[in-house]
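**Q** Handing you a structure now.
The values are calculated or read from the model by the stated rules, or taken from the named source; none is laboratory data. These numbers come from a predicted model, not from an experiment. Note: ideal-geometry Cβ built from the backbone for every residue, glycine included; neighbour counts use all protein chains shown. Note: accessible area is taken over every heavy atom of the protein model, side chains too, but ligands, DNA and RNA are not part of it. Shrake-Rupley method; radii C 1.70, N 1.55, O 1.52, S 1.80 Å.
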Amino acid sequence: MDSHLHDISLIQSYLDRSLSDSEKEKLEKRLKEEPLLKTMYIEQQQLISGIRYSHLKQKLEQLRALEASLPGIKPEQQGNQIFLQRYWKPLAVAASIGIIAITFIFLNRTESPAELYAAYFEPYPNVFAPIQRGADQVADKRSTAFQAYESGDYALAATLFTELLKEKKEPGMLLLLGNANLILDNPKEARNNFITLINDFEEYDNWGKWYLGLSYLKEGDLKSAQVILRELSNSEHSYAGKAKELLKKAE
């Protein structure tokens, strides 16, 4: 089985609580160590939640249809039927209201910072030193760093970017290093990268703010994320629309 499909199957079994203790322990260890697997886990969690909410809405519609089709009880019927005549509709209405309330709560629940981060984070593309396929290139440290980022080897890219930035600060390199650190589940390091980018390179201010806001969400610091996103949403930058949308969900 493809490893990606195997991981999805493993996550689904974990969410269904059908893994053995040893399998559960191994997966939880991997979730802490593998950021891409953790992102996949959050996506599967959201997918299952969406299916459950859809099922709830379907059941509510079925209940409404059933209630509308129930016949009335004739007044001449005696005993327990008189009780039912008086109370079955209020009870049915109460049940409907209860289900509607539960459905509303589930459908309108506030997403957690981790869920918001997973929904909105996309790695910034390497537009600073794109690799030209088939072209003869000198494999120096700089080109190797950007190539590693493009190929998804974020650990190597982060190591090389960090070394190169000690020699010379480059805004594009700082931005990509911050992204790599987010993917590697190093939000504090990423936050420092984006703060440096904002402070030292004014032209990259808004890019830095967008990813800084995401860094705070990844850390679970909702208030700091809201401050950054609010500031960005009031700008004329291309990220302003996304920031407003995300801010609305985060409040």
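**Q** Taking Ile228, is it more than 18 Å from Pro123 (Cβ to Cβ) and open to solvent by less than 30 Å² (accessible area, probe 1.4 Å)?
**A** When the stated conditions are applied, Ile228 passes them.
**Q** Just checking, which of Leu222, Leu246 is open to solvent by 20 Å² or more (accessible area, probe 1.4 Å), in contact (Cβ under 8 Å) with a residue 40 or more places away in the chain and under 25 Å from the mean Cα position of the chain (by Cα)?
**A** Only one candidate qualifies: Leu222.
**Q** Please go through segment 8-30 and pick out each residue that is surrounded by 15 or more Cβ atoms within 10 Å (Cβ to Cβ) and part of a loop (DSSP other than H, G, I, E, B).
**A** Leu19
**Q** Which numbered condition in (1) out of contact with any Asp or Glu (no Cβ under 9 Å at 6 or more places or on another chain); (2) within 21 Å of Ser112 (Cβ to Cβ) is the only one that Ala148 fails?
**A** (2)
**Q** Is it the case, given these coordinates, that Glu67 is at pLDDT below 85, surrounded by 14 or more Cβ atoms within 10 Å (Cβ to Cβ) and farther than 22 Å from Leu182 by Cα?
**A** Yes, satisfied.
**Q** Name the residue, out of Lys169, Lys141, Lys188, that is surrounded by fewer than 16 Cβ atoms within 10 Å (Cβ to Cβ), in contact (Cβ under 8 Å) with a residue 24 or more places away in the chain and more than 25 Å from Ser233 (Cα to Cα).
**A** Just a single option satisfies the conditions, and that option is Lys169.
**Q** Does Tyr211 satisfy being more than 22 Å from Glu236 (Cβ to Cβ), open to solvent by less than 70 Å² (accessible area, probe 1.4 Å) and of a type in the set (Ser, Thr, Tyr)?
**A** Taking the combined requirement at face value, the residue does not satisfy it.
**Q** Please identify the pairs in which a residue from segment 24-53 that is of a type in the set (S, T, N, Q) has its Cβ atom under 6 Å from the Cβ atom of a residue that is at pLDDT 80 or above and outside any loop (DSSP other than H, G, I, E, B), counting only partners at least 6 apart or on another chain.
**A** Sorted first by the residue in segment 24-53, then by its partner, the pairs are Thr39/Ala118; Gln44/Ile11.
**Q** Something else: Would you check if there is a residue in segment 127-139 being part of a helix (DSSP H, G or I) and either within 30 Å of Phe201 (Cβ to Cβ) or at pLDDT below 75 (or both)? Break it down stepwise before answering.
**A** Taking segment 127-139 and keeping what is part of a helix (DSSP H, G or I), we get none.
Among the residues of segment 127-139, not one is part of a helix (DSSP H, G or I) and either within 30 Å of Phe201 (Cβ to Cβ) or at pLDDT below 75 (or both), which makes the answer no.
**Q** Right, next: Which residue out of Glu150, Glu122, Glu163 is under 23 Å from Leu217 (Cα atoms) and of a type in the set (D, E, K, R)?
**A** Glu122
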